[in-house]
Number of protein chains: 2
Amino acid sequence: MTTPTRDHVLAAAVRLYAEHGFRGTTTRRIAEEAGVNEVTLFRQFGSKTALLLEALRSHEMFSRGANALPDAPVDPLAELTAFATGMRKALHGTRATIRKAMAEFEENPEMPRCMTHGAAAIHAAVQSYFEKLGALGYISDTKSIPAAKAMLMSAIFHDALHRDIDPHSFPQPAAGAPAIYARLCLQSLGFQPVAARRPRTAKRRVS
Amino acid sequence: MTTPTRDHVLAAAVRLYAEHGFRGTTTRRIAEEAGVNEVTLFRQFGSKTALLLEALRSHEMFSRGANALPDAPVDPLAELTAFATGMRKALHGTRATIRKAMAEFEENPEMPRCMTHGAAAIHAAVQSYFEKLGALGYISDTKSIPAAKAMLMSAIFHDALHRDIDPHSFPQPAAGAPAIYARLCLQSLGFQPVAARRPRTAKRRVS
DNA sequence: AGCAGATGCAAGTGGGTACTTGCATATAAC
DNA sequence: GTTATATGCAAGTACCCACTTGCATCTGCT
């Protein structure tokens, strides 16, 4: 199997997994979806479980780079909103896969772990960004940074993962939710749009 | 089948569902777990799907009354913390069931709906409580109530549902997280422990 | 062209599953 | 005790599934 075909199989597997879950993704289905013979899957991957684990590992859960936070904060609300918007979009696009993998925790604990890979780096990036906000005087409650970061990520994750199941529990419209989460997160940290250390032209108050 | 036995079957079904998911919960397993004959399940419930749906519907996802918010706020931080603590505990205790049901969204959409039943009432109760806080002058940003409420619920839900999968993404220790979420939520609403309308003995500042 | 390796085809193995059927036994009500 | 109903037992039906096997064909390289 050439690499393009191998990738083709892995992509087919993830698509089916998102729709049908682990047990519902049969090797016959994968073979048909990928346009290969069923026996080829076993020759190449050894077992259905190994195939699906490799497929999940190769599937990018967290889009990197798309909406990284800047090294130097310039407009915190806009920057955090852009970050939250990108995060939510990425997670939303792969929500069915995530739900299926999380549900496998008891019987195939490697699967949810594929979903959380990369989360630590993003948490660290947000932490770092908030610390810079603190250093620049944008926020007053720096002790709450870890907690506010966790709450922001939870809001984004929960919104991306479950809004289609329970739409009324989330701020409407969906496209405006990231901005709301970003704003409230900054508010909870005692945000002030004027960097205390660097007097600037007066800006309209946030509230 | 007497009602106690019927309940016994439903409880066995939910236990197995939490562990093995929909497909992995076989009728043979349910029969064994409940101590009845497999054919009895079909006589009483008609099909495996109907049995499991009834089991999920009868399973209380949101414990009512355990930690209801008071009609008249007295100590908002303590009250919201108690609420968050109770909510998180209830959801945490049934997290595996919720995960399994959410993962069935594509193929058995009735199942996640069993999980969200009752959520609206809780959201309304929190909304009402926050509005009272606003009326009493405890919070200054009443326009953000719906958003803050949603963020608080997301934090609790996400913590309860996924902490065992990805412990490092949540505030430590777990027992202290509800208080943190409650505090940050109130902070984001511009909370002041002294009710502006009712001067009281000065209290220590929150931050 | 020849050769080695990869892939396809078709059939099969050895399990598993939701559900049904016919008869026997148990239980509850009168 | 009798009768009606519920449940258990055992076997069966008609599928489903991951995986294997033997042979044929295809592909890429020399």
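What is the distance, in nm, between label points placed 7 Å from the Cα along the Cα-to-Cβ direction at A:Arg57 and at A:Asp71?
My value for the distance between the label points is 3.3 nm.
May I ask you to report, in nm to one decimal and beginning with the shortest, the distances from B:Pro4 to the same position in the other copies, taking label points 7 Å along Cα-to-Cβ?
6.9
Give me the dipole magnitude in Debye, nearest 20, for the protein assembly as shown about the Cα centre, with unit charges on the beta carbon: positive for Lys and Arg, negative for Asp and Glu.
1420
Per residue of A:17-23, how many C-beta atoms from partner chains lie within 10 Å of its own C-beta, taken as a mean?
Taking all residues of A:17-23 together, the mean is 3.
Pull out a ≥ b ≥ c, the square roots of the eigenvalues of the alpha-carbon gyration tensor of the protein assembly as shown, then state rounded if a/c is under 1.5, prolate if not and a/b is larger than b/c, and oblate in the remaining case.
oblate
Cross-link partners among aspartates and glutamates for B:Lys132, C-alpha distance below 16 Å, same-chain residues fewer than 8 apart left out?
Within the straight-line cut-off, B:Lys132 pairs with B:Asp71, B:Asp75, B:Glu79, B:Asp141.
If r is the Cβ-Cβ distance from B:Ala174 to A:Arg23 and R0 is 25 Å, what FRET efficiency results, to the nearest 0.05?
0.20
Which one, A:Pro146, A:His162, A:Ala84, is farthest towards the positive end of the dipole of the stretch A:76-188 when Lys and Arg carry +1 and Asp and Glu -1 on their Cβ?
Checked the options; the winner is A:Ala84.
How many nm separate the modelled label positions at B:Val194 and A:Thr5, each set 7 Å beyond the Cα in the direction of the Cβ?
Distance between the two pseudo-spin positions: 7.7 nm.
Which of B:Gly24, B:Pro4, B:Val14 sits closest to the plus end of the dipole of the stretch B:1-50, meaning its Cα is farthest towards the positive end, when Lys and Arg get +1 and Asp and Glu get -1 on the C-beta?
Value computed over the given set: B:Gly24.
May I ask you to report, in nm to one decimal and beginning with the shortest, the distances from A:Glu110 to the same position in the other copies, taking label points 7 Å along Cα-to-Cβ?
3.6
Can you list the distances in nanometres, one decimal and ascending, from the A:Ser140 label point to the identical position in each other copy, with the point 7 Å along Cα to Cβ?
Values, ascending and in nm: 0.8.
How large is Rg/Rh for the stretch A:11-121, to two decimals, with Cα atoms and a Kirkwood Rh?
Radius of gyration relative to Kirkwood radius: 1.09.
For the stretch A:64-181, what D do you get in µm² per second when you plug the Kirkwood radius from alpha-carbon pairs into Stokes-Einstein at 20 °C and 1.002 mPa s?
It diffuses with D of about 140 µm²/s by this estimate.
No lab work stands behind these numbers, since they all come straight from the coordinates. For clarity, every value in this text was computed on a predicted model and none was experimentally measured. Every residue, glycine among them, receives a Cβ derived from its backbone with ideal geometry; neighbour counts consider all protein chains shown.
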